[in-house]
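Shown next, in structure tokens, is the structure this report addresses.
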Amino acid sequence: AILNNPKVKNTDKPSGIILYGPPGTGKSLLATAIAGEAGVPFIATEGSSFAEKYVGVGPKNVRKLYAEARQQAQNHPSKTAIVFIDEVDAVGGKRGESSNSERDNTLNALLCEMDGVKSKEHTDIKVITILATNRKDMLDSAFRKGRIDLEFKIDDPRFSEKARFEILTIHAKDKPFKDEKTKDKMLRNLARTTSGFSGAELADIIKRAYRKTLYLGRNVDYITQDDINNAKLESMVGIKTDSEVTEYEKKTMIAHEAGHAVNLVVMDKIFENEQTLSKRPIRVLDLIVNEPRGGAAGMTVHKPSKINDGRYTIESLISSLVVTYGGYSTEETLFGCHTDGVQGDLEHNTQKICNAVTKYGLGSKTKYISVQPDGFVFELYKNDIKKDIETYSNSAMDISNMISSFTKPFIEKYTEKYLNSTEKIIPGETFIKLFETWLEKENKKEEFEQLSLNIQNKIAQVRKEMHP
């Protein structure tokens, strides 16, 4: 509205704008959209185009760029033009003792051009500079107020399901779906299960899913839920690999992933009716993958719960640890030993516990203190930290063992069902239904209620020990 409003003087328009944020969030797209909405000349380049090894070439290119922008602005009714420099940190990095003199000269030329045109022949025009970078912290301090009037952080839509849905809707606009109702349902579910994805990654999922409709020999020529699931997994971890696995390895992998899934379902059921915010479930089951993908033999994919915003509490920490330990405890319960496939799970939980105790205020003695991994404070509290780490890990593993012991017959039955099945991606809803059916048919509901009570008592014991 400011850029294309004839009542707004050029002197009142912003001179410089910085768009910053993680890669793939649409900074370049937004700059193009600004120019399109404003209806003014738009010249786009990137910071690396000014990086030259020959003396004087970089500054010359900067002056040439702005001269062209002034010429286009002069010929436009608004007397305004936009220069967009993507990845500006390539030329606008901090200057210091180790700076490159030619890059510094190029940066100086850019800063002078951003200060505005002072010559009499161009006093009526305005060249607005829009800069984009993934690393705002690397920019030189000369990008200050006066040169930069507006700064916008363009973050990924990790915290906004609504934003993810709108992005997906744009990219799916011209793609084939069975019908509009099915399309809306699939995109809403995808938006809910892609927390942390950037706009570019969301677009990639839709593109991958569409390409699957082009394969020869398909029965349908529209995007299905299986296409979406496969595309999402490919975007997350990579394509399916054809690595050779023995029947024992396959059986162990299916049981391991089922262990994660059943621990997640049990912990979710225990707290699903809990009214206390701190005890509500954070994540629920999305998909189980019973085939190698990327560097993983299999995987269990979670999605955020609708009733929890990710608060860090003792209950949510233990629940998360229990789910991650689920593969380890299941392997031990079914086979009497575990494979090296638990390595990543153990590393993940160890780091999570350490952060909880030393950074997030969930330690018994360190709850009001942030402890760095070295130095005086760490030495002062290291025995308390060790004790807290053991309390969390041992308690979570005890709970996971309780669940694995109770669900052993179910996991054995589930493993046999999918051992030689062509169905490799199991929707979370399917797994939950199988588990609920097993509870019903085997008359396990009373036992499950007792298990739930025992788990809640165990967690309450940890809370009392950590925060008496």
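The values are calculated or read from the model by the stated rules, or taken from the named source; none is laboratory data. Nothing here was measured: the structure is a model prediction, and the numbers come from that model. In this analysis, Cβ positions are derived from the backbone assuming ideal geometry, glycine residues included, and neighbour counts consider all displayed protein chains. Side chains are part of the model used for accessible areas, which takes the heavy atoms of the whole protein and leaves out ligands, DNA and RNA. Shrake-Rupley method; radii C 1.70, N 1.55, O 1.52, S 1.80 Å.
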For a quick check of understanding: with a 1.4 angstrom probe and all protein chains in place, what accessible area in square angstrom does T422 have, to the nearest ten? 130
Using only Cα atoms, tell me the angle between helix 376-419 and the longest principal axis of the chain; keep it within 0 to 90° and round to the nearest 10. 60
Which lysines have a Cα less than 28 Å from the Cα of K183, not counting those fewer than 8 places away in the same chain? K27, K162, K173, K175, K207, K212, K232, K240, K303, K306, K424, K433
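Kirkwood hydrodynamic radius for the chain: how many Å is it when counted over pairs of different Cα atoms?
26.3
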Can you tell me the 0 to 90 degree angle between the C-alpha axis of helix 57-74 and the longest principal axis of the chain, rounded to 10? 80
Mind putting a number on the dipole of the chain about its Cα centre? Charges go on the C-beta only, +1 for Lys and Arg and -1 for Asp and Glu, and I need it in Debye to the nearest 20. 1640
Angle between the chain longest axis and helix 314-335 axis [Cα atoms, degrees, rounded to 10]: 50
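What FRET efficiency comes out for N75 versus N134 if R0 is 30 angstrom and r is the Cβ-Cβ distance? Round to the nearest 0.05.
Working: r = 34 Å, r/R0 = 1.14.
Efficiency, from the Cβ-Cβ distance: 0.30.
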Suppose every K and R has +1 on its Cβ and every D and E has -1 on its Cβ; what is the size of the dipole of the stretch 338-468 about the Cα centre, in Debye to the nearest 20? 340
How much of T350 can a 1.4 Å solvent probe reach, expressed as accessible area in Å² and rounded to 10? 70
Of the DSSP beta bridges with both residues in the chain, give the percent that are antiparallel, rounding to the nearest 5. 35
The chain: calculated mean residue ellipticity at 222 nm from DSSP helix runs of at least 4, using -39500 (n - 2.57): -17500 deg cm²/dmol
Relative contact order for the chain: what is it in percent, counting Cα pairs under 8 Å that are at least 6 residues apart? 12
Expressed as a percent, the accessible surface of the chain that is carbon or sulfur, using a 1.4 Å probe and the full set of protein chains, is 50
Before I look further, what does the chain give for accessible area per residue, probe 1.4 Å, in whole square angstrom? 52
Rounded to the nearest 10 Å², what accessible area does M466 have for a 1.4 Å probe in the complete protein model? 0
Two-site label geometry, E429 and Q343: point separation in nm, points 7 Å out along Cα→Cβ: 3.8
Taking D174, D155 and ranking on accessible area (1.4 Å, protein atoms only), highest first, one gets D174, D155
Rh (Kirkwood; distinct C-alpha pairs) - the stretch 357-428, Å: 15.5
Quick check: Cα centre of the stretch 378-444 to Cα centre of the stretch 138-173, how many Å? 39
Extension reserve of the E446-I369 stretch, reckoned as 0.36 nm per residue once the Cα distance is removed: 23.4 nm
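Can you tell me how much longer the chain between Q225 and T246 gets when fully stretched, taken as 0.36 nm per residue apart minus their C-alpha distance, in nm with one decimal? Please list the in-between numbers first.
Details: separation 21, 0.36 × 21 = 7.56 nm, distance 2.96 nm.
Once the chain is fully extended between Q225 and T246, it gains 4.6 nm.
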Over 15 Å apart: what share of the alpha carbon pairs of the stretch 165-239 falls there, rounded to a whole percent? 49
Sorted by accessible area (1.4 Å probe), largest first, how do Y328, Y248, Y392, Y210 line up? Y248, Y210, Y328, Y392
Sorting D12, D89, D149 by accessible area (1.4 Å probe), largest first, what list results? D12, D149, D89
Rule-of-thumb check for the stretch 67-218: C-alpha Rg over 2.2 N^0.38 Å? 1.49
Order 220-231, 364-375, 454-465 from most to least packed using the mean count of other Cβ atoms within 10 Å. 220-231, 454-465, 364-375
